[in-house]
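Peer 1: The following block contains the structure, expressed as structure tokens.
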Amino acid sequence: MTLADNDRAIATFTMLAHGIVHWFELAIPILLVVWLAVFDVSVALVGFVVALGYAPFGLGALPAGLLVDRYGPRRLVLLCLAGMSLAFATLALAPSIYAVAASLLVWGIVASIYHPAGLALISTGVEERGTVFAWHGIAGNVGIALGPFATATLLLVFEWRLVAVALAVPGLLAAVYGLRLEFDPTAATDDDGADATGSLSGAAFRSNTRSLFAGSFLLVFAVVTIVGLYYRGVLTYLPELLHGLPAMEGIEPPAGLEELSLGDYFYVGLLVAGMAGQYVGGKLTSRVAVSRGLVAVFVALAVLAPVFVPISNMGLVAILLYCGVLGFALFAIEPFYQEAVAVYTPPDTRGLSYGYTYLGMFGLGAISIAIGGYLLDHTTTAAFFGVLSVIALLGAAIALKLLVRPSPSDGQSEPPETAAADD
């Protein structure tokens, strides 16, 4: 197997898995509406049930990272695919909303495995990391778009229990396909063998954690957390903000899509532009030092946040262009921070590194949902976007500090800008 073939096999495996993770994740809100009617329960109770599935998705990333370093990323990705699919299939047997909660809890636990495992696999097995990170991100966005679309479409024809089983089928097929793929998970490192054999002991965890945070990973973790704060704040509240714009009023959606507003279409446009951003960002990671790329995108996000208010009064074309540019920048930063973890951490703790990364991204980043809600309730839209701008500038300042930090990964000792220039 040539190196190019190895990269391609890992890319195919991780792209399928990444898309399916978000396929399931975004199917849940569509099913939520059905569960409200079928089980005749309150919105608060169903919201709590859904939260049981989503909470472990972020909080479980750290222990998942430990398992990756112990058992290897390939095994964990396969476990994730099979576990998510089986958990979703059990929804068909749920006699009550509490049984739904149990299935979603299991789904969230096994889904939390993916990001530490999949990204560790790319970082240790792929030579063209930037390109694969880009396609990997695009695959995630495809899952984000197709999950709710497929769920809503199937519900027009089938009963929801059959839909839950149907949604599980792609995950099982991907797991079977992954079992048949051949690739070297450590091809991009100096290590031999396909799997990690790290320790799960408390002493090893504490030692590896101290080692990571004593170096540049502390700055990387801060950068990723700030990305999460901006990301969650924008994507949680932008749909509602778009719905309330005067330019959106009086325009009817196409027949059959009356439940959607024009703002929903603009939001989908943002996600589509994000695919292009991920691709361009991934390509640039092999040409630009990750620290410089992070600074540039953070500055762009800082500028984009406060201009939402004036642009929102300029008409539909201006708003659509704004959503496209914002989506491009928001997702272009993803390959840069994923590459930063690979650059600033040693290969033998890559799973733990990505575990902390997604604890910061999905766990701590969710704090902005509460902050954003408070700001929008008690202040103004301009204040909300002003805070997001300050958050992005803080991220740029932290990324600047990475410019002078050496890269410990893969035996490198030169500054990251030199390493990037040599790729």
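Peer 1: Rank His22, His136, His243 by mean-square fluctuation in a GNM of the chain with C-alpha springs under 10 angstrom and give only the top-ranked residue.
Peer 2: His243
Peer 1: Can you order the peptides 222-230, 393-401, 154-162 by their average number of other Cβ atoms within 10 Å per residue, highest first? Walk me through the numbers before you get to the answer.
Peer 2: Values: 222-230: 25.3, 393-401: 19.0, 154-162: 13.4.
Ranked from most to least packed, the peptides come out as 222-230, 393-401, 154-162.
Peer 1: Using the Karplus curve 6.51 cos²θ - 1.76 cosθ + 1.60 with θ = phi - 60°, what ³J(HN,Hα) values do you get for each residue of region 359-366, in whole Hz, with x for Gly and Pro?
Peer 2: 5, x, 5, 8, x, 5, x, 5
Peer 1: Give me the number: length gained by fully extending Leu32 to Ala102, i.e. 0.36 nm times residue separation minus the C-alpha to C-alpha distance, one decimal in nm. Display every interim value, and only then the final one.
Peer 2: Numbers: separation 70, 0.36 × 70 = 25.20 nm, distance 1.45 nm.
Length gained, Leu32 through Ala102: 23.7 nm.
Peer 1: Would you kindly derive the ³J(HN,Hα) couplings of region 381-388 from the backbone phi angles with the Karplus curve 6.51 cos²θ - 1.76 cosθ + 1.60 (θ = phi - 60°), listing them in order in whole Hz, with x for Gly and Pro?
Peer 2: Per residue, the Karplus-derived 3J(HN,Hα) values read 4, 4, 5, 4, 6, x, 5, 4 Hz.
Peer 1: Based on other C-beta atoms within 10 Å, arrange Leu219, Leu316, Leu330 from fewest to most.
Peer 2: Working: Leu219 20, Leu316 13, Leu330 25.
Least crowded to most crowded, the residues run Leu316, Leu219, Leu330.
Peer 1: Largest first and in whole Å, give the semi-axes of the chain's equivalent ellipsoid, each being the square root of 5 times a Cα gyration tensor eigenvalue.
Peer 2: Working: eigenvalues 217, 159, 73 Å².
Rounded to whole Å, the semi-axes are 33, 28, 19.
Peer 1: Once both labels are modelled 7 Å past Cα along the beta-carbon direction, what's the Ala4-Leu155 spacing in nm?
Peer 2: Each label point lies 7 Å from its Cα, and together they span 4.5 nm.
Peer 1: Just from its helices, what would the mean residue ellipticity at 222 nm be for the chain, if runs of 4 or more DSSP H residues each count -39500 (n - 2.57) and the sum is divided by every residue, rounded to the nearest 500 deg cm²/dmol?
Peer 2: Working: 18 runs with 317 residues, N = 423.
Calculated mean residue ellipticity at 222 nm is -25500 deg cm²/dmol.
Peer 1: Let me ask you something else. Measure off 7 Å from each Cα along the Cα-to-Cβ vector at His243 and Ser207, then give the distance between these two points in nanometres to one decimal.
Peer 2: Spacing of the two 7 Å Cα→Cβ label points: 5.3 nm.
Peer 1: In whole Hz and in residue order, list the ³J(HN,Hα) couplings for region 226-233 that follow from phi through the Karplus curve 6.51 cos²θ - 1.76 cosθ + 1.60, θ = phi - 60°; x for Gly and Pro.
Peer 2: Result, rounded to whole Hz: 5, 4, x, 4, 5, 4, 5, x.
Peer 1: With the Cα gyration tensor of region 62-110 in hand, convert its eigenvalues to equivalent ellipsoid semi-axes via √(5λ) and list them largest first in whole Å. It would help to have the intermediate numbers written out before the result.
Peer 2: On the way: eigenvalues 132, 24, 4 Å².
The answer is 26, 11, 4 Å, longest axis first.
Peer 1: Right, here's the next one. Kirkwood hydrodynamic radius of region 3-181 from all distinct Cα pairs, in Å?
Peer 2: Working: mean 1/r = 0.0608 Å⁻¹.
This gives a value of 16.4 Å.
No lab work stands behind these numbers, since they all come straight from the coordinates. Quick caveat: nothing in here was measured; it's all calculated off a predicted structure. Positions of Cβ are backbone-derived with ideal geometry, glycine not excepted, and every protein chain shown enters the neighbour counts.
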